[in-house]
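The values are calculated or read from the model by the stated rules, or taken from the named source; none is laboratory data. Here the structure is a predicted model, which means the values were calculated and not measured. Positions of Cβ are generated from backbone atoms using ideal geometry, with glycine treated the same way; all protein chains shown enter the neighbour counts. Protein only, heavy atoms only, side chains kept; ligands, DNA and RNA dropped before computing areas. Shrake-Rupley method; radii C 1.70, N 1.55, O 1.52, S 1.80 Å.
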Amino acid sequence: MFAGHYAAAIAAKAVEPKAPMWTLVAGCQLVDIAWGAFIATGIERAESDPSLPGSTLILSHMPWTHSLPAAIGWSVAAALAAGALLKVSARVAVLIGAVVFSHWLLDLLVHRPDLELFSGGPRLGFALWNYPVPEQAVEIGLLAVAGILWGASRRTLGQAAWPAALFMAFLVALQIVAMLIPAETGPVTPAMGLSAIAAYLLAVAASLPLDRRRAASGPP
Ligand SMILES: [Zn+2]
């Protein structure tokens, strides 16, 4: 899942427009940004098998990012960091934490059983990846529903809908590009971890203009 994770960020922005969009966009993929870093440094491991349907990833070892306790830890840390460093309200901090945790719940839906309930414990995953067409439909459907909520919220605030639509089109384009890159058999390399981080940071960068206020009109 790539684009579908952003549905949580977009829905959160619709619920709480004061939350900085970039924090939600980074938050919904925080666990995967850490995963990219841990793959690049060899702390976590994954392999790729192009014969698999949907995602070609075999996520063999990722206790620090995708186990349930780790996901809770990242969520609490993100909420605390947002409150302390960005001085957001407690409501916004909790929302950012919830968006970080949404990543694990959405991964649970699509991953083949690889999400540890606790270190060394049973591995969970409802494996929607094994059914690529419904899986893509769920991702795009979630994004569409969140986008409708976001558009309605922006209208209430007197903001144009097109920047939101453009951002979502960008996410779908990134997803298509990621799907077109041919997978190779074997371990996921540090370079692949870094390119995953680059894609997530690109989405964060694309979200930055969304909070920019319209310049006040009138005489200089
Ligand atoms: Zn993930």
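Rg/Rh for region 162-202: what does it come to with C-alpha atoms and Rh from Kirkwood?
Values: Rg = 12.7 Å, Rh = 11.7 Å.
Taking Rh as the inverse mean 1/r over Cα pairs, Rg/Rh reads 1.09.
Could you work out the equivalent-ellipsoid semi-axes for region 139-220, taking the square root of 5 times each eigenvalue of the Cα gyration tensor, largest first, in whole Å?
Semi-axes from the Cα gyration tensor: 33, 17, 9 Å.
Can you pull the accessible area of Thr41 for me, 1.4 Å probe, Å² to the nearest 10?
Thr41 has an accessible surface of roughly 100 Å² with all protein chains in place.
Ratio of Rg to Rh for region 29-113, alpha carbon only, Kirkwood?
Reported Rg/Rh (Cα atoms, Kirkwood Rh): 1.05.
Can you tell me the Rg and the Dmax, both Å, for the Cα atoms in region 114-184?
Just the Cα atoms of region 114-184 yield Rg and Dmax of 17.0, 51 Å.
Let me know the Kirkwood hydrodynamic radius for region 78-162, please, with Cα pairs as the basis and the value in Å to one decimal.
On the way: mean 1/r = 0.0646 Å⁻¹.
After inverting the mean inverse Cα-Cα distance, the result is 15.5 Å.
Please report, in whole Å³, the volume per residue of the convex hull around the C-alpha atoms of the chain.
Details: hull volume 29.1 nm³, N = 220.
That works out to 132 Å³ per residue.
Largest first, what is the accessible-area ranking of Thr156, Thr23 with a 1.4 Å probe?
Solvent-accessible surface, decreasing: Thr156, Thr23.
List the residues, sorted by chain then number, that are 5 or more residues from His61 or on another chain and whose placed amide H is less than 5 Å from its amide H.
Arg45
Of the listed peptides 8-14, 206-212, what is their order by residue-averaged count of other C-beta atoms within 10 Å, with the highest listed first? Please list the in-between numbers first.
Values: 8-14: 25.3, 206-212: 15.4.
The densest-packed peptide leads the list: 8-14, 206-212.
At 1.4 Å probe radius, can you tell me the per residue accessible area of the chain in Å²?
51 Å²
Report the rotationally averaged projected area of region 58-101 based on its alpha-carbon convex hull, in square nanometres.
3.2 nm²
At 18 Å minimum axial length over the Cα atoms and a Kyte-Doolittle cut of 0.0, report the qualifying DSSP H helices in the chain, or say none.
Membrane-span-like by this rule: 68-85, 90-110, 132-156, 162-180, 190-207.
Estimate the FRET efficiency between Ala127 and Arg212 by the formula 1/(1 + (r/R0)^6), using the beta-carbon distance for r and 35 Å for R0, to the nearest 0.05.
After rounding to 0.05, the efficiency reads 0.30.
Across 5 Å bins from the origin, how do the percents of Cα pairs in region 1-69 run, short distances first?
For region 1-69, the pair-distance distribution reads 3, 15, 19, 19, 18, 12, 8, 4, 1.
Could you state how much accessible area Trp74 has, in square angstrom rounded to the nearest 10, with a 1.4 Å probe and all protein chains kept in place?
Surface accessible to solvent at Trp74 totals approximately 70 Å².
Using per-residue counts of other Cβ atoms within 10 Å, averaged over each peptide, order 103-116, 185-198, 24-37 from highest down.
24-37, 103-116, 185-198
Under a point spin-label approximation (7 Å from Cα along Cα-to-Cβ), what is the Asp49-Arg155 distance to one decimal in nm?
Output for this residue pair reads 4.8 nm.
Calculate what fraction, in whole %, of the accessible area of the chain sits on carbon and sulfur atoms when a 1.4 Å probe is rolled over the protein chains.
The value for the chain is 74 percent carbon and sulfur by accessible area.
Sort Phe167, Phe118, Phe2, Phe126 by heavy-atom solvent-accessible area, probe 1.4 angstrom, most to least.
Most to least solvent-accessible, the answer reads Phe126, Phe118, Phe2, Phe167.
Label His61 and Met179 with points 7 Å out from Cα along Cα→Cβ: what is the distance between them in nm?
Distance between label points: 3.2 nm.
For Ser67, what residues show an amide H to amide H distance below 5 Å, using hydrogens built from the backbone and excluding near sequence neighbours?
When sequence neighbours closer than 5 places are left aside, the close amide H contacts are Glu116.
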